[in-house]
1. Quick one: if you stick a label point 7 Å off each Cα along the C-beta vector at Ser348 and Glu135, how many nm between them?
2. Given R₀ = 45 Å, what would the calculated FRET efficiency be for Lys67 paired with Thr200, taking r from the Cβ atoms and rounding to 0.05?
3. Pull up the cross-link candidates among the lysines for Lys198, meaning alpha carbon to alpha carbon under 28 Å and not fewer than 8 places away within one chain.
4. From the helices alone, meaning DSSP H stretches of at least four residues, give me the mean residue ellipticity at 222 nm for the chain, per-run term -39500 (n - 2.57), in deg cm²/dmol to the nearest 500.
5. Using the structure shown, select from Lys66/Lys145; Lys35/Lys343; Lys9/Lys294; Lys35/Lys149; Lys67/Lys120; Lys9/Lys67 the pairs with a Cα to Cα distance greater than 22 angstrom.
6. Normalise the Cα radius of gyration of region 57-208 by 2.2 N^0.38 Å (N = residues in it) and let me know the number.
7. If the cut-off is 15 Å between C-alpha atoms, which aspartates and glutamates fall inside it for Lys153, apart from same-chain ones fewer than 8 positions away?
8. Based on alpha-carbon positions alone, could you give the equivalent ellipsoid semi-axes of region 107-181 from the gyration tensor, as √(5λ), descending, whole Å?
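The numbers here are math on the coordinates, done by the rules we state, and not lab data. Source: prediction; values computed, not measured. Every residue, glycine as well, gets a Cβ built from its backbone with ideal geometry; the counts of neighbours run over all protein chains shown.
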Amino acid sequence: MEFSHVHIKNWKNFRDLSFDVGHRLFIVGPNAAGKSNLLDVFRFLGDIVAPGGGMAQAVEQRGGLKKVRSLFSRQHPSPSIDVKLRDGDDEWRYVLVIRQEGSGHRRVLVEEERVEVNGKRVLKRPTREDKEDTELLTQTYLEQKVTNKEFRKIADFFAQTRYFHPVPQVIRGLTGNEIKAADPYGSDFIRQISETPKRTQDARLKRVQAALQEAIPEFEKLRLEKDSMGVPHLEAAYKNWRPHAAWQNETQFSDGTLRLLGLLWTLVATPAEKSSVLLLEEPELSLHSALVSKLPTVLAEARKNAKGAVQVILSSHATEVVDNESVGAEEVLVLLPGKDGTKGSLLSDREDVECYLDIETPFSEIISILLGTEGTPSFGLGS
């Protein structure tokens with residue numbers, strides 16, 4: 001299963017945004033365009049079905065409905081998420097519209113919840129019971145095992161959403177924060193490797209090693225070693241003028257290399273038997289500019305010959321990332337902020353860039369042209 005279409009209304013920066021999603025999606029745009037807020041749509045669905053989560057908790061984590069609701073939609077303020085999902089020959093659709101209670105506790109309520117499969121209705125809320133007891137509207141059917149039996153595969157798929165934005169200082173343990181399981185910022189990254197069974201660990205590190213060599217030719221080997229205190233360290237060897245490679249550990253890696261290692265491990269460690277979504281925010285940070293355009297190839301190499309399907313949705317400030325020859329115009333979503341909120345479209349859907357696509361103009365140049373014609377400040381790797 002994977003996302004095939006997303007339509008959101010009244011969500012943070014976006015009054016109305018609709019786009020198709022393939023196996024990969026590259027989201028680009030200037031500062032304050034809403035790239036992180038768009039990734040958060042997918043995180044929100046995952047948080048609803050997370051253990052100990054739920055709709056109310058997911059909204060509260062984001063500062064309440066007033067922080068979720070778009071400031072650009074005053075007449076119809078209810079945030080709406082409408083997604084379609086491919087599952088073999090089947091197409092599922094899940095719709096969720098939420099609102100705030102008009103009086104009393106001002107709770108967040110389900111205004112509408114719908115599930116369809118191949119155009120056939122599976123669920124439509126509010127039901128008669130919902131109208132008789134509004135307490136029922138404080139929870140989605142999606143988050144409840146008792147009520148999601150007919151479409152639990154959607155809940156299970158959303159639960160496999162993984163957001164990863166590794167912070168080198170966190171990985172190195174320099175922030176003083178405790179190690180958290182499945183930490184999106186990477187505090188448990190090296191522990192994950194250490195706790196992986198040796199045979200599986202070696203196989204995964206070999207795949208990470210092959211992918212890293214695509215980006216850094218002088219990179220030679222990767223291994224996990226424990227120091228005299230039993231603390232695991234990730235070590236890498238680089239070719240140099242000496243007859244034997246020089247080894248470094250994570251405390252000596254550049255920030256860019258450490259972030260890339262974290263991203264690659266996350267890709268190869270994704271369970272093979274489950275479909276999942278991996279959300280990557282600004283993976284190009286701290287990378288040398290020459291490596292940025294290689295990122296799609298490096299990430300693809302990490303999943304080469306893998307059995308499981310991982311849908312990668314990546315946001316980036318660096319337009320160079322979409323100049324990779326493997327990236328298609330149908331995979332590039334350009335966000336452009338405006339007076340009525342951020343608008344967005346796939347490059348392949350824009351008639352005004354067809355002439356540039358026909359002559360194979362680099363996507364980064366096309367995006368710069370769009371930003372200029374839309375009156376939006378240009379952006380680059382460091383913005």
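1. Simple spin-label model gives 4.9 nm for this pair.
2. 0.65
3. Counting by Cα, and skipping residues close in sequence, Lys198 has these lysines nearby: Lys180, Lys206, Lys221, Lys226, Lys239, Lys274, Lys304, Lys307.
4. It comes out at -8000 deg cm²/dmol, rounded to the nearest 500.
5. Lys66/Lys145; Lys9/Lys294; Lys35/Lys149; Lys67/Lys120
6. Details: Rg = 20.4 Å, N = 152, 2.2 N^0.38 = 14.8 Å.
That works out to 1.37 for region 57-208.
7. Glu2, Asp87, Asp89, Asp90, Glu91, Glu116, Glu143, Glu273
8. Output for region 107-181: semi-axes of 37, 17, 10 Å.
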